[in-house]
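Asker: Shown below is the structure under consideration.
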Amino acid sequence: MQVEVVKSKIHRVTVTESNLDYIGSITIDEDLMDAANIIRGERVYIVDNNNGERFDTYAIAGERGSGMICLNGAAARKVQPGDVVIIMSYAMMPFEEAKTFKPWVIFPDTATNKLVN
């Protein structure tokens, strides 16, 4: 049996911009992507803590160290700059492996979206 479990989570980052005229996706500071083990093109789920929206899209890398969290395309209509979001990805794995799997979870500073040591 295969089960889907949380693989990666960026807990509480602030949306820095939205770009309705872009093709689609979410642009995430590459430092945050690396720390959370999210790769370019990976499907991610977004939860907006401000308005309750939940949706999925794919990740693209933003400038390292920029703190950028930008919702692009149609997703730009779901959030506002300044909203606090949670970004998650999931993975399928065998049931027994899932029991001991530890996801990558990071807690950036919501004021800067930078990693906190």
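Asker: Listing 33, 68 from the residue with the fewest other Cβ atoms within 10 Å to the one with the most, what is the order?
Answerer: Neighbour counts put them in this order, fewest first: 68, 33.
Asker: Do the sum for the chain: with -39,500 (n - 2.57) for every DSSP H run of n ≥ 4, divided by all residues, what is the mean residue ellipticity at 222 nm, to the nearest 500 deg cm²/dmol?
Answerer: Calculated mean residue ellipticity at 222 nm is -2500 deg cm²/dmol.
Asker: Could I ask something else about it? Can you check what the net charge comes to around residue 88, using other residues whose Cβ is under 9 Å from the Cβ of residue 88 (Lys, Arg +1; Asp, Glu -1)?
Answerer: Here the charged neighbours net out to +2.
Asker: Which net charge results for the neighbourhood of residue 48, defined as the other residues with beta-carbon distances under 12 angstrom from its beta-carbon, given Lys and Arg at +1 and Asp and Glu at -1?
Answerer: That works out to +2.
Asker: Let me ask something additional. Return the long-range amide H neighbours of residue 24 (sequence gap of 5 or more, or a different chain), with a cut-off of under 5 Å between placed amide H atoms.
Answerer: 73
Asker: In whole Hz, with x marking every Gly and Pro, tabulate ³J(HN,Hα) for segment 7-14 from phi via Karplus 6.51 cos²θ - 1.76 cosθ + 1.60, θ = phi - 60°.
Answerer: Going residue by residue, I get 9, 9, 8, 9, 8, 6, 10, 9 Hz, with x marking Gly and Pro.
Asker: Sticking with this one: Where Lys and Arg each count +1 and Asp and Glu each count -1, what net charge lies around residue 30 among other residues with Cβ under 14 Å from its Cβ?
Answerer: -2
Asker: Looking at segment 2-95, send over the antiparallel percent of its DSSP beta bridges, to the nearest 5.
Answerer: Close to 75 percent.
Asker: Restricting things to Cα coordinates, could you compute the convex hull volume per residue of the chain in Å³? Before the final figure, lay out the partial values.
Answerer: Details: hull volume 11.5 nm³, N = 117.
Dividing the Cα hull volume of the chain by its residues yields 98 Å³.
Asker: Would you look at the GNM of the chain, springs on alpha carbons closer than 10 Å, and say which of 16, 100, 57 moves the most?
Answerer: 100
Each value in this text was obtained by applying a stated rule to the coordinates, not by laboratory testing. Small disclaimer: the values here were computed from a predicted structure and weren't measured. With ideal geometry, Cβ positions are generated from the backbone for all residues, glycine too; neighbour counts draw on all protein chains shown.
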